[in-house]
Amino acid sequence: MLIRLVEGQDTESWSHMRTALWPETVDQHRSEIAEYFAGNSIDIVQAYVAVEGAEVVGFLELNLRNFAEGSRSPKLPYVEAWYVKPAFQGRGYGKQLMKFAEEWALSEGYVEIASDTEIDNVTSIAMHKHLGFVETERVVCFLKKLSVD
């Protein structure tokens, strides 16, 4: 098992795994990855991959946010994406990806790291708790289209 910063050669694998995580945003993946490698990303400040042999089997993306539920920190690293291919889950890849993210955060002087998951993703919730995350809030989001009458 190898955890490392994502590299240009990982673009295709990274894009496919992002699509598995967020199928509704397929068109955005390649452009967001290109922005990251160009140093222009507003969504990703650090990205790591888990590699087994020659196969990229997982990834984690970090951003910096000015707010996270339950935190008083004015700025903190936020796990925007954390994914391990199903065939490789339960083998420590997710844990090691998070460890790398936490080590980077500590090296940058941060004292907290935040994350979120869908309310019904019991596997992710359990993994977060297993790794020491504390649930701070549950929320249901709403959106309403407005029309001028």
(request) List the helices (runs of 4 or more DSSP H) that sit entirely inside the stretch 1-119 and contain at least 2 residues that are at pLDDT 95 or above and of a type in the set (Gly, Ala, Ser). (result) 11-21, 93-107
(request) Tally the residues that are assigned to a loop (DSSP other than H, G, I, E, B), of a type in the set (A, V, I, L, M, F, W, C) and touching a helix residue (DSSP H, G or I) at 6+ places or on another chain (Cβ under 8 Å), restricting the search to the stretch 121-137. (result) 1
(request) Identify the single condition in (1) hydrophobic (A, V, I, L, M, F, W, C); (2) in contact with a helix residue (DSSP H, G or I) (Cβ under 9 Å, 6 or more places away or on another chain); (3) in a loop (DSSP other than H, G, I, E, B) that Val140 does not satisfy, given that it satisfies every other one. (result) (2)
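Kindly check whether there is at least one residue in the stretch 54-77 that is closer than 25 Å to Glu112 by Cα, in contact with a Leu (Cβ under 9 Å, 6 or more places away or on another chain), free of Cβ contacts under 8 Å to residues at least 40 places away in the same chain and of a type in the set (Phe, Trp, Tyr).
Our first condition is that a residue be closer than 25 Å to Glu112 by Cα; within the stretch 54-77, this holds for 58-77.
When the remaining residues are screened for being in contact with a Leu (Cβ under 9 Å, 6 or more places away or on another chain), the result is 58-60, 64-68, 75-77.
The next check asks that each one be free of Cβ contacts under 8 Å to residues at least 40 places away in the same chain; those that pass are 64, 66-67, 75-77.
Narrowing further to those that are of a type in the set (Phe, Trp, Tyr): 67.
Within the stretch 54-77, one or more residues are closer than 25 Å to Glu112 by Cα, in contact with a Leu (Cβ under 9 Å, 6 or more places away or on another chain), free of Cβ contacts under 8 Å to residues at least 40 places away in the same chain and of a type in the set (Phe, Trp, Tyr).
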(message) Considering only residues that are among the aliphatic types (A, V, I, L, M) and under 16 Å from Met1 (Cα atoms), which ones fall in the stretch 65-94?
(response) Val84, Ala87
(request) Given the conditions (1) free of Cβ contacts under 8 Å to residues at least 12 places away in the same chain; (2) more than 22 Å from Ile42 (Cα to Cα), report the number of the one that Glu103 does not fulfil. (result) (2)
(request) Go through the stretch 120-149 and count every residue that is exposed (fewer than 11 other Cβ atoms within 10 Å of the Cβ) and polar (S, T, N, Q). (result) 1
(message) Would you confirm, using the coordinates I've provided, whether Tyr93 is hydroxyl-bearing (Ser, Thr, Tyr), surrounded by 14 or more Cβ atoms within 10 Å (Cβ to Cβ) and more than 19 Å from Ile42 (Cβ to Cβ)?
(response) yes
(request) Take the residues in the stretch 100-119 that are among the small types (Gly, Ala, Ser) and farther than 18 Å from Gly58 by Cβ, then tell me which one is surrounded by the most Cβ atoms within 10 Å (Cβ to Cβ). (result) Ala105
(message) I need a count of the residues in the stretch 21-53 that are in contact (Cβ under 8 Å) with a residue 24 or more places away in the chain and among the β-branched types (Val, Ile, Thr).
(response) 4
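The values are calculated or read from the model by the stated rules, or taken from the named source; none is laboratory data. Small disclaimer: the values here were computed from a predicted structure and weren't measured. As a convention, Cβ positions derive from the backbone with ideal geometry for all residues, glycine included, and neighbour counts pool all protein chains shown.
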